[in-house]
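S.K.: One structure follows; several queries about it will come next.
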Amino acid sequence: MIEYFLPLLLLCVIQSGTPGPNNIMLTASGKNFGYLKTIPHMAGVVIGFLSLLVVLSLGLISIFITYPLFQTILQIMGSIYLLYLSHRIYNSYSSENNSRSKPITFLESSLFQYVNPKGVMMAITTISIYTDFKSFTFINSFIEGMIFILIAFTISNVFAVLTWTSVGVFLNNFIKSERSIKTFNGFMAILLVLTVIWINYEFYGT
């Protein structure tokens, strides 16, 4: 079991913990709205991604393989939505009324997982490798492999959302002035745009 689960868990931690759309937005939300108001966003990432894994395991992954155009459409939709979110992050502090826009909701965060290019590729790659019960003697079926994948991603995603939101909350101790807040939000928005460019380069450049 250790020979199977530890590499799986390590893969999930690396995929979930490295910078990406979810983690960039959580850091920005932690800074701009605080921990409590970011909880729905965090919960949406974790539960939304787990539901994506389940849906893919039920046959959507076969559709992606058979009809690559479908995945391309989701890629484009996700990229457009990420650009919208980068604009939303950039304008998350209004100097006119000295107020902040609303944080991303649980539903928005959950649904985003289905068009998040990085997340979809993470899910497809992990399912393809770690449900191969012919290669891994520890698991005897596709379902057993999916159970371990769900457990591993639950652990890694909870760790990732808590960590990146905490980074944002920590930064709030140093970023106080309106100018610094605008600079921070602008930087996070640029990071999100660069992430979109990188994901599409990886997707279409290979």
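Read-outs throughout are calculated quantities, based only on the coordinates presented, and are distinct from any laboratory measurement. Here the structure is a predicted model, which means the values were calculated and not measured. Because the Cβ atoms are built from the backbone with ideal geometry, glycine has one as well, and the counts that use them run over all protein chains shown.
S.K.: Put a dot 7 Å past each Cα toward the Cβ at Leu83 and Thr105; how far apart are the dots in nm?
M.R.: 2.5
S.K.: Now for a separate question. Quick one: if the Förster radius is 45 Å, what FRET efficiency do Leu74 and Lys176 give, using the C-beta to C-beta distance and rounding to 0.05? Mind dumping the intermediate values first?
M.R.: Numbers: r = 39 Å, r/R0 = 0.87.
Computed FRET efficiency for Leu74 and Lys176: 0.70.
S.K.: How many nm is it between the label spots at Tyr4 and Ser128, if each spot is 7 Å from the Cα in line with the beta carbon?
M.R.: Between Tyr4 and Ser128, the simple spin-label model gives 2.1 nm.
S.K.: Still on this structure: For volume of the Cα convex hull per residue in Å³, the listed values are (i) 140; (ii) 101; (iii) 114; which was obtained by calculation from the structure presented?
M.R.: (iii)
S.K.: For n ≥ 4 DSSP H runs only, could you compute -39500 (n - 2.57) per run for the chain, divide by its residues and tell me the 222 nm figure to the nearest 500? Write out the running numbers ahead of the final one.
M.R.: On the way: 8 runs with 158 residues, N = 206.
Calculated at 222 nm, the ellipticity per residue is -26500 deg cm²/dmol.
S.K.: Eight or more residues apart or on different chains, and alpha-carbon atoms under 27 Å: count the Lys pairs in region 22-204 matching that.
M.R.: Within region 22-204, the lysine pair count is 12.
S.K.: With an 8 Å Cα cut-off and a minimum separation of 6 or more residues, compute the relative contact order for the chain in percent. Walk me through the numbers before you get to the answer.
M.R.: Values: 239 pairs, mean separation 85.2, N = 206.
This gives 41 percent for the chain.
S.K.: Sort 160-169, 191-200, 138-147, 64-73 for me by packing, meaning the mean count of neighbouring Cβ atoms within 10 Å per residue, highest on top.
M.R.: 160-169, 191-200, 138-147, 64-73
S.K.: Would you calculate the separation in nanometres between label points at Leu194 and Tyr67, each defined as 7 Å from the Cα along the Cα-to-beta-carbon direction?
M.R.: 3.7
S.K.: What FRET efficiency comes out for Phe187 versus Thr154 if R0 is 30 angstrom and r is the Cβ-Cβ distance? Round to the nearest 0.05. Kindly include the intermediate steps, with their values, before the conclusion.
M.R.: Working: r = 31 Å, r/R0 = 1.02.
Computed FRET efficiency for Phe187 and Thr154: 0.45.
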